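Novice: To start, I am sharing the structure in question, which I have written as structure tokens.
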Amino acid sequence: MKVIDHISNAKGKTLFSFEILPPLKGKSIQSIYDGIEPLMEFDPKFVNVTYHREEYVYKTRENGLLEKISIRKRPGTVGICAAIINKYNVDTVPHLICGGFSREETENALIDLHFLGIDNVLTLRGDAVKTEPNFRPDPSGHSFAKELVGQVVEMNNGQYLMDDVSLDPTDFCIGVAGYPEKHFEAMNLTSDLMHLKAKVDAGADYIVTQMFFDNKKFFEFVDKCRAIGINVPIIPGMKPIKNLNHISFLPKFFNIDFPEDFAAELMKCKTNDAVEALGVEWGIQQAKELKAAGVPCIHFYTMSKSDSVRAIAKQVF
Ligand code: FAD
């Protein structure tokens, strides 16, 4: 079932959902199940599975020259989605990115999903390859998520590439990303919101936000979206902070701020356990407030580790 149908069937009740990462190449799928199992009692309506593009590594050849090799460390998004549906009978939302995909490869990926009966997709641009300073699209791919939304909409209308006849239409529910504290490359929040509106106008059915720790920023973001005519459901994304590294990594990598009172408490933490306990406590308050405000769903970034999310969900769902 589509994400937007789950939301409308819930009739105002806040749903629970979460995101997992494919395991590192060569690891068994059991690690995925181990992360999902403890969260099933909260009746997730959908599980998102991230997509990880290629990275470049350099290997020294026998002659001393360096060889540039492209590898994907976390393949398997589509297979994992199919396995989850099969094992848990829950809907999945595969992430699909522009980076590293030609339009034809995108079309083929969507055909695979359609054949598998997967009718949700979260469409994203993706980030730059780790060793490159800026995002570079595939020469025959998309530069922005909006264009990817457009391709999915065309397939939903039965228009495939290179064909001028109408073919078997797909029926994907399309999600896009939104950033309450602005995407790190955007000139300012206003321009970012205009680009978000363009994705919705192109056919996106709902928005999932980047993580945030300050609900006020989320509520302001929703108000600003509504004010410019973005009327689709906006799902807040939440991540419980888990260790001392997160304190500097999350603000830097995701362009987010910790609110003053949370930052003051984090500064007192000396161990990973202390950070994790505070992350759960903060997450419970955040999720309770979001639920009381009537958000359609709370979407948790688990990084495939379920303990903290479970502790929060137990108090909230
Ligand atoms: P876009 O919407 O294309 O926007 C990218 C930037 O370009 C923004 O700054 C925007 O303001 C600007 N922009 C948009 N259109 C234009 C235009 N026409 N002209 C000029 N500027 C423009 N990454 C992964 O690799 N795999 C994942 O599975 C994944 N999952 C994610 C899930 C969520 C919920 C979120 C929030 C992010 C996820 N990401 C993932 C990260 C995401 O790919 C990056 O944040 C990426 O840098 C931007 O993706 P986007 O889809 O928001 O891009």
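Novice: With the crude spin-label approximation of a point 7 Å out along Cα→Cβ, what separation in nm comes out for M194 versus M162?
Specialist: For M194 paired with M162, the spin-label model returns 3.7 nm.
Novice: Taking θ as phi - 60°, what are the ³J(HN,Hα) couplings along region 41-47 by the Karplus curve (6.51, -1.76, 1.60), each to the nearest whole Hz, with x for Gly and Pro?
Specialist: 5, 8, 6, x, 8, 7, 10
Novice: Would you list which lysines come within 22 Å of K73, measuring only between C-alpha atoms, while excluding same-chain residues fewer than 8 positions from it?
Specialist: K25, K27, K59, K130, K305
Novice: Sequence-distant or interchain residues sharing an amide H contact under 5 Å with L15, placed H: which?
Specialist: Under 5 Å from the amide H of L15: C297, I298.
Novice: Amide H to amide H under 5 Å from R136: which residues, 5+ apart in sequence or cross-chain, H placed 1.01 Å off N in plane?
Specialist: V129
Novice: Let me ask something else about it. Work out how much length I71 to K130 would gain on full extension: take 0.36 nm times their residue separation and subtract the Cα-Cα distance, in nm to one decimal.
Specialist: Contour length minus the Cα-Cα distance gives 20.1 nm.
Novice: Rounded to two decimal places and with Rh computed the Kirkwood way over Cα pairs, what is Rg over Rh for the chain? Write out the running numbers ahead of the final one.
Specialist: Details: Rg = 19.8 Å, Rh = 20.6 Å.
Using only Cα positions, Rg/Rh for the chain is 0.96.
Novice: So, counting K/R as plus one and D/E as minus one, what does the shell of residues with Cβ under 14 Å around D163 add up to?
Specialist: It works out to a net charge of -4.
Novice: Order these peptides, 172-182, 218-228, by their mean beta-carbon neighbour count within 10 angstrom, highest first.
Specialist: With the highest mean Cβ count within 10 Å placed first, the list reads 172-182, 218-228.
Novice: Output the relative contact order of the chain, whole-number percent, from Cα pairs under 8 angstrom with separation of 6+ residues.
Specialist: Over the chain, the number comes to 19 percent.
Novice: Right, next: Name the lysines eligible as straight-distance cross-link partners of K197: C-alpha to C-alpha under 24 Å, and not fewer than 8 places from it in the same chain.
Specialist: Qualifying lysines at Cα under 24 Å: K2, K146, K182, K216, K217, K224.
Novice: Of all DSSP beta bridges in the chain, what percent run antiparallel (nearest 5)?
Specialist: Just about 20 percent of them are antiparallel.
Novice: Going by Cα centres, region 78-111 and region 236-314 are how many Å apart?
Specialist: That distance is 28 Å.
Novice: For T170, what accessible area in Å² do you get when you roll a 1.4 Å probe over the heavy atoms of the protein chains, rounding to the nearest 10?
Specialist: Answer for T170: close to 10 Å² accessible.
Novice: When DSSP beta bridges are limited to those with both residues in region 55-209, what percentage is antiparallel, rounded to the nearest 5?
Specialist: The antiparallel fraction comes to roughly 35 percent.
Novice: Highest first, please rank the peptides 160-168, 257-265, 57-65, 43-51 by the mean number of other Cβ atoms sitting within 10 Å of their residues.
Specialist: 43-51, 257-265, 160-168, 57-65
Novice: A further question follows. Peptides 108-115, 12-19: what's the order by average Cβ count within 10 Å, highest mean first?
Specialist: Ranked from most to least packed, the peptides come out as 12-19, 108-115.
The values are calculated or read from the model by the stated rules, or taken from the named source; none is laboratory data. The model shown is predicted, which means the values in this text are computed figures rather than measured ones. We place every Cβ from the backbone using ideal geometry, glycine too, and count neighbours over all the protein chains shown. Accessible surface areas use protein heavy atoms only, side chains included; no ligands, DNA or RNA. Shrake-Rupley method; radii C 1.70, N 1.55, O 1.52, S 1.80 Å.
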